[in-house]
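Participant: After the structure tokens below, expect a handful of questions from me.
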Amino acid sequence: MVTIHTPLSKHPLQFNMALFKAIAAVSLNGVIGKNGDLPWRIPGELKWFKKITMGHIIVMGRKTWDSLPCALPGRENWILSRSSFDPKNARVFNTFQEIEKEADARTVFIIGGGEIYSSFLPRCNELFLTEVQQIVENGDAFFPKYKKEFEIREKIVTENEFILRRWVRK
């Protein structure tokens, strides 16, 4: 709930706003995808993704949707796409404004791909970023620059293959 006090009103205006967060696994050189897929398979990292996003709305682009075997269970799967199609167990939106309106005051996780992250990052207040401890050659999808706008708030887990950190907007 956001409250706005205006000089001409005796009563503050109140309205709900979605809480946007992004979650991604990123290589040491910023790669998030290669040939339409994740460039790694790290079961421990996927468990954290599931734990953090469970019960929330997840928003992805059409290419990310196409890379999944099915809708991710336990979450509302929303797809931002310029094309119209009717996916099973997911909803399609054509604009960010439609997503924002429909989400109301709920938590929304942006899960990719690169263009979707770039579009939504200015609206995100938190990032859950898994730093995959490898360099990926010939990646074709990248996470946008974020370090000037966000700071590390907590290290959630450290494993041999990855470090998961929560970043918050400065």
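Participant: Report, in deg cm²/dmol and to the nearest 500, the calculated mean residue ellipticity at 222 nm for the chain, where each DSSP H run with n ≥ 4 adds -39500 (n - 2.57) and the sum is divided by the residue count.
Facilitator: Numbers: 4 runs with 32 residues, N = 170.
Estimated from H runs of four or more residues: -5000 deg cm²/dmol.
Participant: Please determine, in degrees from 0 to 90 and to the nearest 10, the orientation of helix 43-53 with respect to the longest principal axis defined by the Cα atoms of the chain, where the helix direction is its Cα long axis.
Facilitator: Once rounded, one gets 10 degrees.
Participant: Residues of the chain: accessible area per residue at 1.4 Å, in Å²?
Facilitator: On the way: 10150 Å² over 170 residues.
Averaged over the residues of the chain, the accessible area is 60 Å².
Participant: Counting residues in the stretch 118-158 as N, plug N into 2.2 N^0.38 Å and put the Cα Rg over that result. Before the final figure, lay out the partial values.
Facilitator: Working: Rg = 12.1 Å, N = 41, 2.2 N^0.38 = 9.0 Å.
Against the empirical 2.2 N^0.38 Å value, I get 1.34 for the stretch 118-158.
Participant: Between LEU28 and ASN125, 0.36 nm times their residue separation minus their Cα-Cα distance comes to what? Provide the component values of the computation, followed by the final result.
Facilitator: Numbers: separation 97, 0.36 × 97 = 34.92 nm, distance 2.24 nm.
Here the answer is 32.7 nm.
Participant: With Kirkwood radius over Cα pairs in Å defined as stated, name the option among (1) 17.4; (2) 16.4; (3) 17.0 computed from the structure displayed.
Facilitator: Working out Kirkwood radius over Cα pairs in Å from the coordinates points to (3).
Participant: Counting other C-beta atoms within 10 Å, and keeping those with at most 12, which DSSP coil chymotrypsin sites (Phe, Trp or Tyr not before Pro) do you find in the stretch 59-145? It would help to have the intermediate numbers written out before the result.
Facilitator: Working: sites: TRP65, TRP78, PHE85, PHE93, PHE96, PHE109, TYR117, PHE120, PHE128, PHE142; in loops: PHE85.
Answer in residue order: PHE85.
Participant: Between the stretch 130-159 and the stretch 32-54, how many Å separate their Cα centres?
Facilitator: Each part reduced to its Cα centre gives a spacing of 13 Å.
Participant: Round to the nearest 0.05 the FRET efficiency obtained for PHE96 and ASN138 when R0 = 22 Å and r is the Cβ-Cβ distance.
Facilitator: Numbers: r = 30 Å, r/R0 = 1.38.
So the FRET efficiency works out to roughly 0.15.
Participant: Here's something else I'd like to know. Considering Cα pairs under 8 angstrom that are at least six residues apart, work out the relative contact order of the chain and quote it in whole percent. Intermediate values should be presented prior to the final figure.
Facilitator: Working: 322 pairs, mean separation 50.8, N = 170.
30 percent.
Participant: Of all trypsin sites (Lys or Arg not before Pro) in the stretch 74-165, which ones are in loop regions per DSSP and have a Cβ with at most 15 other Cβ atoms within 10 Å?
Facilitator: Working: sites: ARG75, ARG82, LYS88, ARG91, LYS101, ARG106, ARG123, LYS145, LYS147, LYS148, ARG153, LYS155, ARG165; in loops: ARG75, ARG82, LYS88, ARG106, LYS145, LYS147, LYS148.
Here the sparse-neighbourhood loop sites are ARG82, LYS88, ARG106, LYS145, LYS147, LYS148.
The values are calculated or read from the model by the stated rules, or taken from the named source; none is laboratory data. In this text the structure is predicted, and so the values were computed from the model without any measurement. Don't worry about glycine lacking a Cβ; one is built from the backbone with ideal geometry, like all the others, and counts go over all protein chains shown. Each accessible area value is taken on the protein alone, full model and side chains, heavy atoms only, with ligands, DNA and RNA left out. Shrake-Rupley method; radii C 1.70, N 1.55, O 1.52, S 1.80 Å.
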